[in-house]
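The structure appears right after this line, and notes come after that.
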There are 2 protein chains.
Amino acid sequence: MMTSGDVESPFAMPGHDHASCIMTALDGAEAICARRGERLTPLRRRVLELVWRGHSPVGAYDILALLQSERGRVAPPTVYRALEFLCRQGLVHRLDSLQAFIGCGQPGNDGDGRHAAHFLICQDCGTAVEVRDGQLDGAISRLAGRTGFAIADETIELSGLCAACQS
Amino acid sequence: MMTSGDVESPFAMPGHDHASCIMTALDGAEAICARRGERLTPLRRRVLELVWRGHSPVGAYDILALLQSERGRVAPPTVYRALEFLCRQGLVHRLDSLQAFIGCGQPGNDGDGRHAAHFLICQDCGTAVEVRDGQLDGAISRLAGRTGFAIADETIELSGLCAACQS
DNA sequence: TTCATAACGTTATGTTATATCATTATCGAA
DNA sequence: TTCGATAATGATATAACATAACGTTATGAA
C-alpha cells in the first residue's frame, strides 16, 4: 500500500505527460486561490506556468527572460513579486542551495497549504523531487523537542545522483 | 553519558569565553592543515578568525569590509578564495539559506574532515548551532536508500527560535 | 638557482534580489 | 455610479552576493 508519505519513484518521470502535469498544477492553483480569496492574476498564473516548464528548478532571471520574450520590457521586481506570492501560497518552493524555484506538487494538503518541503536534487539531470518522509519529519521534530528549538522554517535539500543517473 | 553526537544545550552559550573559543578553532585549524600538508596562510587564518567573531553566520562582504578596514584595498575574490579554502578543509560551512558562513565547531572528526553539517538557526538572536543527530542521519540515509538516490551534499538548515528567545 | 605550482592582487563583470515611488486595476461602500 | 481604500503592477535605480580572467608574488622541491 502507498501511504501519502511515500514517493513511488520520484525520478522515473521523464516521458510522462508533462502538459497534463502543468494543467493539474494550474487548475489546482486556481482552486486553492479561489478557496482562499487570493488572486491568481494572469501574470502570477503565467509565472507559475513558466516555473512548471519542467521538473528542474528555474532561476528568477530565467523566468524574467521568458516573460520579456513575450511581453517586452519586464523588470526583476515583477518576477520576484509573483514568485513571492506563489511561495506564500505554497504553490512554489525556493531551493536555497540553487537559488532557484520549483513548482510544488502537493499544494494545499495542509491547512494553509504551506508545508515543510524536502528535496532530492539530481546534479546530473537537474530534476528536483519533493519528498515527504515520516521518519525524517519525526527525527526533525524530536531534535527540535530535545533542544527546545521552535522550528519556523526548514531548508532540507539533498543533492546527488538519482538512480537513473548513476549508470 | 554524552556521546559525540549529542548537543548539550546549543544556544546556552552566550557568556562563554569566546576568546578561547576562537583560539581552539584556530589551533585546531593549524593542526588539521599541518597534518594534511595544506597551507593555512596568514590571510586564510585571519579570515577564519573573522568568521569566528561570534556564533552567528557572517556574510562574505562583512568579512571583506573587516579586511579592508585593516588592510586597505581588498577585493571580493580575496575573501571568496579564502572562504572556499576553509570550506574545502571543513573548517567553515556555508549556510545556503542565509548566504553566509560560519565556523565549524567539530572539524576534522571525519577522515577528511568534511561532513554533512546540519544547523539550527535562531531568527531572533542570530545564533547558528551545528548539530549532529543520529536519528536524522538515519532517516536521511534510509530515504536515500529507499529511493536509490546517492547523496553527495546535504543542505539541512532549520530556522526558528532557540529556547532562550522564545520568551 | 631554477622551475612548477599555489597563493594572492587587480580589474571587470556576472548573477541574484530589493527599495522606492508612480500608475493602474479591483472591489466594496456610499 | 462614483468614490475611496487597497492590491497589483510598472519603472527606475541600486544593493548584495559571487566569479572570470589575467598578472604578480611567494613557496618549496629538484
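The values are calculated or read from the model by the stated rules, or taken from the named source; none is laboratory data. The shown structure was predicted, so the numbers you read here are calculated from the model rather than taken from an experiment. As a convention, Cβ positions derive from the backbone with ideal geometry for all residues, glycine included, and neighbour counts pool all protein chains shown. Note: accessible area is taken over every heavy atom of the protein model, side chains too, but ligands, DNA and RNA are not part of it. Shrake-Rupley method; radii C 1.70, N 1.55, O 1.52, S 1.80 Å.
For the segment A:126-136, counting C-beta atoms of other chains within 10 Å of every residue's C-beta and taking the mean gives 3. Total Å² of accessible surface buried at the B-A contact, 1.4 Å probe, nearest 100? So the total buried area for this chain pair works out to about 3000 Å².
When nucleic acids and ligands are ignored and a 1.4 Å probe is applied, residue B:88 ends up with an accessible area of around 120 Å². Computed from phi, the 3J(HN,Hα) profile of the stretch A:124-130 under the Karplus parametrisation 6.51, -1.76, 1.60 (θ = phi - 60°) reads 8, 8, x, 5, 10, 10, 7 Hz, with x in place of Gly and Pro.
Normalised radius of gyration (Cα atoms, divided by 2.2 N^0.38 Å) for the stretch A:70-130: 1.26. The calculated pair-distance distribution of the stretch A:18-166 uses every alpha carbon pair, bins of 10 angstrom beginning at 0, and gives 10, 37, 35, 15, 3, 0 percent.
At each listed q (0.09, 0.10 Å⁻¹), what is the log10 of I(q)/I(0) that the Debye formula gives for the protein assembly as shown modelled as equal alpha-carbon point scatterers? Per q value, in the given order, log10 I(q)/I(0) is -0.56, -0.69.
What number comes out for accessible area per residue over the stretch A:18-166 if the probe is 1.4 Å? Units Å², please.
Values: 6820 Å² over 149 residues.
On a per-residue basis, 46 Å².
The modelled label-to-label distance between residue A:87 and residue A:17, using points 7 Å beyond Cα along the C-beta direction, is 3.3 nm. Measuring with a 1.4 angstrom probe and ignoring ligands and nucleic acids, residue B:149 comes out at about 10 Å² accessible. Taken residue by residue and averaged, Cβ atoms of other chains lying within 10 Å of the Cβ of B:138-150 number 6. Positive end of the dipole of the stretch A:18-166 (Cβ unit charges, origin at the Cα centre): among A:164, A:60, A:34, the Cα lying farthest that way belongs to A:34.
Please give the charge dipole size of the stretch A:18-166, origin at the Cα centre, charges +1 on K and R Cβ atoms and -1 on D and E Cβ atoms. Round to the nearest 20 debye. Intermediate values should be presented prior to the final figure.
Numbers: 16 positive and 17 negative charges, 102 e Å.
Value, rounded to 20: 500 debye.
Please determine, in degrees from 0 to 90 and to the nearest 10, the orientation of helix A:76-88 with respect to the longest principal axis defined by the Cα atoms of chain A, where the helix direction is its Cα long axis. On a 0 to 90 degree scale, this one is about 40.
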